[in-house]
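Okay, structure first, notes after.
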Amino acid sequence: FSVGSDGNLALDFKLSQSHVGSDFAMLVPIYMEAQDGRVVRLGRVRLKGEDTLTRHVSLGGVKQKPKKAMIGYLDDVLGNLENK
């Protein structure tokens, strides 16, 4: 998490998909856990083939830095997850 040029909190992430065919596509949901323990789905990103996506996403009205960001929170991602 960082503070953007507009003063809002932002999520900076890099997400990779590997060991799949070039036609394999997946919508990957991204979640965050707020300081009070609530988990919120921020949105989804589409990965196709052996893709890597890097993004900076403003969190707008979020005032407190979230505890963490995560994928696969509801076991809704195929495959093995690696925390790096």
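Structure values in brief
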| read-out | value |
| --- | --- |
| Given (1) part of a loop (DSSP other than H, G, I, E, B); (2) open to solvent by less than 40 Å² (accessible area, probe 1.4 Å), index of the condition Leu15 fails | (1) |
| Residues of segment 26-56 classified as of a type in the set (A, V, I, L, M) and either touching a residue at least 60 places away in the same chain (Cβ under 8 Å) or in contact with a Gly (Cβ under 8 Å, 6 or more places away or on another chain) (or both), total | 1 |
| Any hit, segment 72-80, residues being in contact with a strand residue (DSSP E or B) (Cβ under 7 Å, 6 or more places away or on another chain), surrounded by 12 or more Cβ atoms within 10 Å (Cβ to Cβ), under 22 Å from Leu9 (Cα atoms) and touching a residue at least 24 places away in the same chain (Cβ under 8 Å) | yes |
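For (1) at pLDDT 90 or above; (2) under 10 Å from the mean Cα position of the chain (by Cα), each residue gets a yes or a no:
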| site | (1), (2) |
| --- | --- |
| Asp6 | no, no |
| Ala25 | yes, no |
| Val28 | yes, yes |
| Gly37 | yes, no |
| Val40 | yes, no |
| Asp51 | yes, no |
| Lys67 | yes, no |
| Gly72 | no, yes |
| Asp75 | no, no |
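The values are calculated or read from the model by the stated rules, or taken from the named source; none is laboratory data. Keep in mind it's a predicted model, so treat the numbers as computed, not measured. Cβ sites come from the backbone with ideal geometry, for glycine too, and all protein chains shown count toward neighbours. Surface accessibility is based on the protein's heavy atoms, side chains included, excluding ligands, DNA and RNA. Shrake-Rupley method; radii C 1.70, N 1.55, O 1.52, S 1.80 Å.
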